[in-house]
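Q: Shown below is the structure under consideration.
Every read-out reported here was derived from the displayed coordinates using simple, explicitly stated rules and does not represent laboratory data. These numbers were taken from a predicted model, which means no experiment stands behind them. Cβ atoms come from the backbone with ideal geometry, glycine included; neighbour counts cover every protein chain shown.
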Amino acid sequence: MAKSQSKKKKEDSSCPKIGVYVCHCGTNIAGSVNIEEVVNFSKTIENVSVVRDHMYLCSEQGQNIIKDDIKKEGINRVVAACCSPRTHEEIFRKTLNSTNLNKYLYEQVNIRDQCSWPHFKDKENATNKAKQLVKSGVYRASELEPLEDRKLSVLKSALVIGGGISGINAALDLARGGYQVYIVERDPSIGGKMAQLDKTFPTNDCSACILAPMMVDVSNTPNIELLTYSEIEDVSGHIGKYHVVVRKKQTSVDWEKCNGCGDCSIVCPVKVDNEFNCNMDKRKAIYIQFQQAIPMKAVIDKTKCIKCKLCEKRCQVGAIDISKNDDEFVEFDVGSIIVTTGYDLFDPNKKAEYDYDHPNVITSLELERMMCASGPTKGEILRPSDGRKPHTISFIQCVGSRDEKTNDYCSRICCTYSIKHARLLKEKYPDIDMFIHYIDLRCFGKGYEEYYRMAREKGVKFIRGRISQVDSIGDRLEVSGDDDTLGEQISVVADLVVLAVAMESPKGTKKLANLLNISTDKTGFFKEIHPKLKPVSTDSDGIFIAGACQGPKEIPDAVSQGKAAASAASSLMSKGEIEIEPLFAQIIEDLCARCRTCESLCTYKAIRYTEEDKMEVDIALCKGCGVCSAACPSGAIKANHFTTKQVRMQILALTGGNK
Amino acid sequence: MKIVLNETNKALVNKVIEYGGKRVYECFQCGMCASGCPVASDTDHKIKRTMHQVLLGLDEQILDKKAIWLCTTCFMCLERCPQNAGPTDVVFALRRISAENGIIPEAQIEVANNIYHLGHAVTVQKGITLRAKVKAPPLTTAGSDKKYILEIQKVVDSTHAGKLLKIKKDWKPKGDDVIACD
């Protein structure tokens, strides 16, 4: 290996012999760029020795042409004029590698995404632009230098942020694969939103019945460390070794001793709104979050506790000490991070027309809690105003979704869950009239169409058209809107109105994004690198996202993503080391004046001043963005693969200046 | 006009199902029925809307407008409906319900009486005269012989169709037609 590398270097130091390969990409490029003209032009550029075109350059045949030219024609630089390096650079680099030509002696010119596609109406100028881009690529290629990948060791442990269904699946898969996993959950118990659901579509499984065994599995898996009632305080480091600081909120209960008997809650005199039941009933200041909680441990709500100490006296195992106030901090290192922070629900108060203040106007999650046997009404559907059974229920869809004034996206799950509610209620109470007011029914998943049909067969009525307003009439509600099919205004006199509220990115997403150096998109959810091909990867290597924190999702998709993220993290960690591109900054010490301008500018905190009076680049953190290199007043920072010379040559080619 | 839905009328949909529109609940308002309907563009017969009205129990809207009687029963909607909701079956059921409520257009009454008394939905006297004039063989249809007509009348009299369709014993056909074989 070492021998061949030194041989490679010798070849590279000789005069550049560049091969230019122009791809038709079917008609994607050839449809608006005159390939023949680009080929003929390329032959006239300095240092170019071979020019060829191909219908699909990324095909095996196309790659073999390049290989042959490297071997037989002796070309030592490759320029491909084709599509985006984001998707195809890797293929070409591998081809170069297989011929012993250093893979960084490859330059990709994108004459599709920013050339043939946008300029499809102007063939002449598209062709001219393609020529210029190829020229700049060739100029840059003549200055490319061979580089070697760096190896980085990776810890075989992972952090999962958020203990909902997505996080639980990710954690279990990783733990089964032998990795050490830490789950950090904000609430006292794991389970997330799914723990609040009664039944789940499209099979009507009882949510608790399918979730609880997985939660128990988490607590029984020795290599999963569960940190509930905890939040991420700080994350530093890089792929392979992230240093994590977790704030464990003070519970005032010693969980080693607490046996989850619940006696403390019984004696506690303080009643507060129960968030788990959507504030429809009360819990105590010391409480266990819900009946299947994992861990089944009590927590004191410090903001509500009156310090009467009744619980302390009652606890038979002496687990409670209300004088404990300070949060604890736990620190550990992990090789990768999976973010599964889930979602929050849209606040229906923002849609004043739906009169959420009225007790009989509720959200779908509130209805879900009512339908649940362990909920505030023990599974009975009652009007909150007077506890009477409703005659008519109206479901209003897209509350806070598909609406430029709130969230312009579709929340994806509301159609099917409203159908679920109406259907389950119709089975239990056939005499209640159910109306679903929708604008489009999007029941897209496997088995969902059948689910929708069964709701129709049970007599649930579907009315297309937005609801404009909900008004009180006597002790009932008038739901006014449009019926698209009738072409008339309608009003339904209902006893209960259920708002299908949108899914939104959870509180704290922005803060966590900043901490982890990952992006969010315009909807506020975490952003994946590529919506189709890299759905769980983020722009920080080694940090993955899964579930509803990436965008609205139902349980099957959230689980799939949790498992996908576990797989991605596992393939990253399994070897214990990874190769990283050498695209980082290098300090030329002799030129460096230690002004530390670079240190203050680096977004990734990759450059620091050391005790030995040196500037040091952490190559694992450095993204090779080049900000430091551009800002260095003495030109002491070289950005690998984007050196000043390489960039200057590109500019020269484009501006027609002299070398 | 604003339509108020209060305690929906389930009687209509139940009756439609009883009278043969068994799959009316399957309708999800895709509009396939209405898009191919040969009479929709020129009449008030909007089958997609009618299906929806049945589900919402808006019987007055359907029955008062009498549009269901304009359906040609070509069965195109029934053939094409992706949910097999049977729109034509629903129309038949609605016509029966409508007739039971005494709501039946004059033209339908005339057709029914024509069949009952002449054996034909439309009168054919002019044709019979013309055929005789050109020495063509005489008609051999239900209306050509009294015995066939008597059989038709027997069938109608044995059901309550005669009452529903307002069959009159002393009915006289319009125009120059005469009761066959009299």
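Q: Given axes a ≥ b ≥ c from the Cα gyration tensor, I'd like to know whether the stretch A:122-219 is rounded (a/c under 1.5), prolate (a/b larger than b/c) or oblate.
A: Because a/c hits 1.5 or more and a/b fails to exceed b/c, the stretch A:122-219 counts as oblate.
Q: Would chain B count as rounded, prolate or oblate if I go by the C-alpha gyration tensor, calling it rounded below 1.5 in a/c and otherwise prolate when a/b exceeds b/c, oblate otherwise?
A: prolate
Q: Rounded, prolate or oblate: pick one for the stretch A:2-149, where a ≥ b ≥ c are the square roots of the eigenvalues of its C-alpha gyration tensor, a/c under 1.5 means rounded, and failing that, prolate if a/b is larger than b/c, else oblate.
A: Note, shape of the stretch A:2-149 comes out prolate.
Q: Okay, moving on. Check residue A:586: other-chain or 5+ apart residues with amide H under 5 Å from its amide H, H built from backbone geometry?
A: Sorted by chain and number, the residues that satisfy this are A:638, A:639, A:640.
Q: Please compute P(r) over all alpha-carbon pairs of the stretch B:106-164, binned at 5 Å starting from zero, and give each bin as a whole-number percent.
A: Distribution as computed: 4, 19, 23, 22, 15, 9, 5, 2, 1 percent.
Q: Computed over the Cα atoms, what is the radius of gyration of the stretch A:533-643 divided by 2.2 N^0.38 Å, N being its residue count?
A: 1.41
Q: What residues have an amide H closer than 5 Å to that of residue A:469, excluding those fewer than 5 places away on the same chain, when H is modeled at 1.01 Å from N in the peptide plane?
A: When sequence neighbours closer than 5 places are left aside, the close amide H contacts are A:480.
Q: With N set to the number of residues, divide the alpha-carbon radius of gyration of the stretch A:417-545 by 2.2 N^0.38 Å and report two decimals.
A: Output field value: 1.45.
Q: Within a 10 angstrom radius of the beta carbon, how do B:19, A:287, A:609 rank from fewest other beta carbons to most?
A: Working: B:19 17, A:287 23, A:609 13.
In order of increasing Cβ crowding within 10 Å: A:609, B:19, A:287.
Q: While we're looking at this one, here's another question. How far apart, in nanometres, would the label points at residue A:631 and residue A:521 be if each is projected 7 angstrom from Cα along the Cα-to-Cβ direction?
A: 3.1
Q: Something else about it: Would you please report the Å³ per residue occupied by the convex hull of the alpha carbon atoms in the stretch B:10-100? Each step should come with its number before you reach the end.
A: Numbers: hull volume 7.0 nm³, N = 91.
Considering the Cα atoms of the stretch B:10-100, their hull volume per residue is 77 Å³.
Q: Still on this structure, I have one more. Find the relative contact order for chain B and round it to a whole percent, using C-alpha pairs within less than 8 Å whose residues are 6+ positions apart. Don't jump to the answer; show the numbers that get you there.
A: Values: 206 pairs, mean separation 37.4, N = 182.
In percent, rounded to a whole number, it is 21.
Q: For the charge dipole of the protein assembly as shown, defined by +1 on Lys and Arg C-beta atoms and -1 on Asp and Glu C-beta atoms about the Cα centroid, which residue among A:240, A:459, A:559 has the Cα displaced farthest towards the positive pole?
A: A:459
Q: Which loop trypsin sites (Lys or Arg not before Pro) in the stretch A:587-619, with loop taken from DSSP, have no more than 16 other Cβ atoms within 10 angstrom of their Cβ?
A: Here the trypsin sites (Lys or Arg not before Pro) that fit, given the DSSP loop and packing criteria, are A:594, A:596, A:605, A:614.
Q: A further question follows. Reported to two decimal places, what Rg/Rh ratio describes the protein assembly as shown when computed on Cα atoms with Rh from the Kirkwood expression?
A: Over the Cα atoms of the protein assembly as shown, Rg/Rh equals 1.13.
Q: How about the stretch A:528-614: which GluC sites (Glu not before Pro) there lie in a loop by DSSP and see at most 13 other Cβ atoms within 10 Å?
A: Filter output for the stretch A:528-614: A:589, A:611, A:612.
Q: Cα axis of helix A:123-142 to longest principal axis of chain A: angle in degrees, 0 to 90, nearest 10?
A: 70
Q: Quick one: what does P(r) look like for the stretch A:358-418 with 10 Å bins over all Cα pairs, in whole %?
A: Distribution as computed: 20, 45, 26, 9 percent.
Q: Moving to a separate point now. Rounded to two decimals, what is the ratio between the C-alpha radius of gyration of the stretch A:230-311 and 2.2 N^0.38 Å?
A: Details: Rg = 15.8 Å, N = 82, 2.2 N^0.38 = 11.7 Å.
Here the answer is 1.34, to two decimals.
Q: Something else: About its Cα centre, what dipole magnitude does the stretch B:106-164 give when the only charges are +1 on Lys and Arg Cβ and -1 on Asp and Glu Cβ, stated in debye to the nearest 20? Walk me through the intermediate numbers first.
A: Numbers: 8 positive and 5 negative charges, 76 e Å.
With only Lys, Arg, Asp and Glu charged at Cβ, the dipole is about 360 debye.
Q: Continuing with this model, one more query. How much length is gained on full extension from residue A:325 to residue A:149, taking 0.36 nm per residue of separation minus their Cα-Cα distance?
A: Computed gain between residue A:325 and residue A:149 is 58.4 nm.
Q: Taking the Cα centre of the protein assembly as shown as origin, sum charge times position over the Cβ atoms of Lys and Arg (+1) and Asp and Glu (-1), and report the length of that vector in debye to the nearest 20.
A: My answer is approximately 1520 debye.
Q: Taking each pair of different alpha-carbon atoms in the stretch A:346-504 once, compute 1/r for the pair, average those values, and report the inverse of that mean as the Kirkwood hydrodynamic radius in Å to one decimal. Before the final figure, lay out the partial values.
A: Details: mean 1/r = 0.0639 Å⁻¹.
Kirkwood radius, the stretch A:346-504: 15.7 Å.
Q: How high is the relative contact order of the stretch A:250-326, given as a whole-number percent (alpha carbon pairs under 8 Å, six or more residues apart)?
A: Computed value for the stretch A:250-326: 43 percent relative contact order.
Q: Right, something else. Taking the stretch A:364-408, which GluC sites (Glu not before Pro) meet the DSSP loop condition and have no more than 12 other C-beta atoms within 10 Å?
A: Values: sites: A:366, A:368, A:380, A:404; in loops: A:380, A:404.
Those satisfying the criteria are A:404.
Q: Moving on to the next point. Report ³J(HN,Hα) in whole Hz for each residue of the stretch A:300-308, in order, from the Karplus equation J = 6.51 cos²θ - 1.76 cosθ + 1.60 where θ = phi - 60°; Gly and Pro get x.
A: After applying 6.51 cos²θ - 1.76 cosθ + 1.60, I find 9, 6, 4, 6, 10, 4, 9, 6, 6 Hz.
Q: Starting from the 7 Å offset along Cα-to-Cβ, what nm value, one decimal, do you get for the label separation of residue A:530 and residue A:475?
A: Label at residue A:530, label at residue A:475, 6.2 nm between them.
Q: Now for a separate question. From Cα coordinates alone, what are the radius of gyration and Dmax values for the stretch A:583-640 in angstrom?
A: Over the stretch A:583-640's Cα set, Rg and Dmax evaluate to 9.8, 26 Å.
Q: Right, next: Short version: ³J(HN,Hα) in whole Hz for each residue of the stretch A:155-172, in order, from phi by Karplus 6.51 cos²θ - 1.76 cosθ + 1.60 (θ = phi - 60°), x for Gly and Pro, what are they?
A: Coupling constants for the stretch A:155-172: 6, 8, 8, 9, 10, 10, 9, x, x, x, 5, 5, x, 4, 5, 4, 5, 5 Hz.
Q: Once amide H atoms are built 1.01 Å from N in the peptide plane, which residues 5 or more positions from residue A:363, or in another chain, come under 5 Å H to H?
A: Placed amide hydrogens put A:499 under 5 Å from residue A:363.
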